[in-house]
Structure formats: C-alpha cells, structure tokens
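Remarks on the structure that follows.
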Amino acid sequence: MNRSYQTIPKHLRYTINDFNRQFPDDDACLEHLKEQRLPGGVTYCDTCQQERKHYRIKARPVYSCDHCGTQISPMAGTIFEKSTTSLRLWYYAMYLMASTRCGISAKQIQRETGVTYKTAWRMFRQIRSLLSETDMQLEGSAVEMDETYYGGTAKGRRGRPMRGDKQKSPVVGMMERSTSKRKGRVVAIATSDVSAKNLVGMAHEYILPSSTVFTDEFTSYDSLGARFRNHKRIKHSAGVYVVGDVHTNTIEGFWSLVKRGIGGVYHQVSQKYLQSYLDEYSFRYNRRDYGNLIFNEILKRVSMRASLPAARDRGTTVAQ
C-alpha cells in the first residue's frame, strides 16, 4: 500500500488548517498586524506627546488613544494602506506565495479568491516589494558567481547573446556554498550589461575579499583576481564542468529553478518587473530550511518595510 509521508519536520510545518485557525477573519489579521507594529497596543501618541495605550474601535480598522481619542491605523504605511481588498485575502496570498517552491500566479489567486486579475496582480507586486535583500553580505568562504540571460531566444543561436540584443535580459548571481553550519545564500540581480566593470563592482559589493570566488572563463571575470584573495575558474567551453572543488554547479542549479519556475508558473516576465521575481525566488531559496514558516518571515517584512515618514506626511498617525 502506498503511503504519503510528511517530509517537513514537525516544528517547521504550517498548514492551511493552521492558517485558518490563526487567521479566521479580517479582525484576527488586523490584531496580528497591530501586535507587530504596536505591541500590546502601546505606542507614542502625537497629541498626548507620550506613550499611551490604544484600543480597537468597534467595526473600524483603527485603534484609539485611551486618553485623548486620537486614532491610529496599523495599516498606515504598509502595503495594505488604502486597499479595499480583505486583509485576510492579503494574508492568504502571502501564505500561498510562501508555501510553494516555484511560486503561484496572480491568475491562480484570482480563481481561488474571486478578486479581479488586476487586484491579484497588484497584491503580488506589492508583496514582492517586501522581499528584496539588497543589503545582504555574502559571508561564505566559497562563493560562486555566474551570469545568465532571461528572455527570447535568437534563431539558430545558443549561449550568450550578441552585444545589443534587446530580447534577452542579463542576470548576475552570487551564491555562497553551503557548509555543515549554514545553508548558502544567493543574491540575483537583473542588470543592464555584463561588462567587467559591472560584474567586478557587484562582486566587490556583495562578496568578502577573503572569500574564494568560483566563476567560468567569461572574460569579464578576468580582473576579479585583483580584488579577491582567490579566484578559481572552470572552462565550460572545453566541456569541463567540475575539477575538484572548482565548479559553478550550485548557482547554475538556482538558475534552473528560477527558469523552470518562471516558465511554468508565470510563463513570461517583462524586463521591468524581472528583478521583483528574482527577489521572490531568492527570498524563498535563502530560507529553504524554514519549511512552511517562510510565511512568518514575509509577515515580519510587512512591519519592517512600513513607510512611517510617508504615512505622517499624509496626516496619518502610525506606531513609532
């Protein structure tokens, strides 16, 4: 008899039943957001000029100062602000995005929730805006660097596109190799070109000088040796892909995941939005040992990326 076994460890599981229990309605989602941004409902009141306790106003998504009555909204400055879409649907969209390895399309959200395609697409675009990790520093002792190209294929030609090709978008990736202590992380960047100046600049920004950098024989990597203690190269043009520990197979495995995911789920992504999709795949990959708890990491990003000054400029009080 065939049996299906749960491969995710119990402490990393978060099923749809868990989601439904924790977030049964909009009120539960609003209370969760409030606790993230205003723990215990206590925050600075601009009117009272001091910390005050705030209480929920019945039937409204706002909280009121218990002393002067000034109202604040936990959604101010977040991706939910001014959205007429149910807060629970926002949370559900984040749960689905976190629970799939290759992503989920806006069309699927439209089918499952009943919102319009335009609304579903906007929700995913807003959620992806939370997932960029431009401040990441790759600290691994071994880092692979490689470039790939996304887009149409020129007839009769394989490999790197010709200079001036407007169909293909170059993407540069840098990935730490995993060790016994930690999983390797990746940074993927959509770029305008793969010149030596551009690639070396990216490497200098994200990779420590003490790291060993592994690349292929692409000429734009020639000057990496002047910036890094060790630069090792594999000669793909000669049909060689692994020599001892010299290879770029790890980053190429990530490219395979991204291309299969985009091709199978989203089918086509414009150059304008390519970076946001790379951010989504990188965010999930960098937390691949989190199980279903990636959802919680996305929820944290809502408060971390909330734009407090912008909310004040609109005349809305938010948590400090």
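For Leu30, which of the numbered conditions (1) modelled with pLDDT of 95 or more; (2) in a loop (DSSP other than H, G, I, E, B); (3) hydrophobic (A, V, I, L, M, F, W, C) fails to hold?
Checking Leu30 against (1) modelled with pLDDT of 95 or more; (2) in a loop (DSSP other than H, G, I, E, B); (3) hydrophobic (A, V, I, L, M, F, W, C), the one that fails is (2).
Restricting the first residue to segment 196-212 and requiring it to be over 18 Å from Lys232 (Cβ atoms), which pairs with a second residue that is among the hydroxyl-bearing types (Ser, Thr, Tyr) and in a helix (DSSP H, G or I) meet a Cβ separation below 8 Å and a spacing of at least six or different chains?
From segment 196-212, the pairs are Asn198/Ser220.
Check segment 212-225 and report whether any residue there is of a type in the set (Asp, Glu) and under 25 Å from Ser180 (Cα atoms).
no
How many of the residues in segment 163-212 are in a strand (DSSP E or B) and hydrophobic (A, V, I, L, M, F, W, C)?
Summing the residues that are in a strand (DSSP E or B) and hydrophobic (A, V, I, L, M, F, W, C) in segment 163-212 gives 10.
Thr100 fails exactly one of the following numbered conditions: (1) surrounded by fewer than 17 Cβ atoms within 10 Å (Cβ to Cβ); (2) β-branched (Val, Ile, Thr); (3) over 28 Å from Val258 (Cα atoms). What is the number of that condition?
Failed condition: (3).
Would you be able to say whether some residue in segment 31-53 is touching an Asp or Glu at 6+ places or on another chain (Cβ under 9 Å), surrounded by fewer than 20 Cβ atoms within 10 Å (Cβ to Cβ) and under 19 Å from Glu297 (Cβ atoms)?
no
The values are calculated or read from the model by the stated rules, or taken from the named source; none is laboratory data. Being a predicted model, the structure only gives us computed values, none of them experimental. Note: ideal-geometry Cβ built from the backbone for every residue, glycine included; neighbour counts use all protein chains shown.
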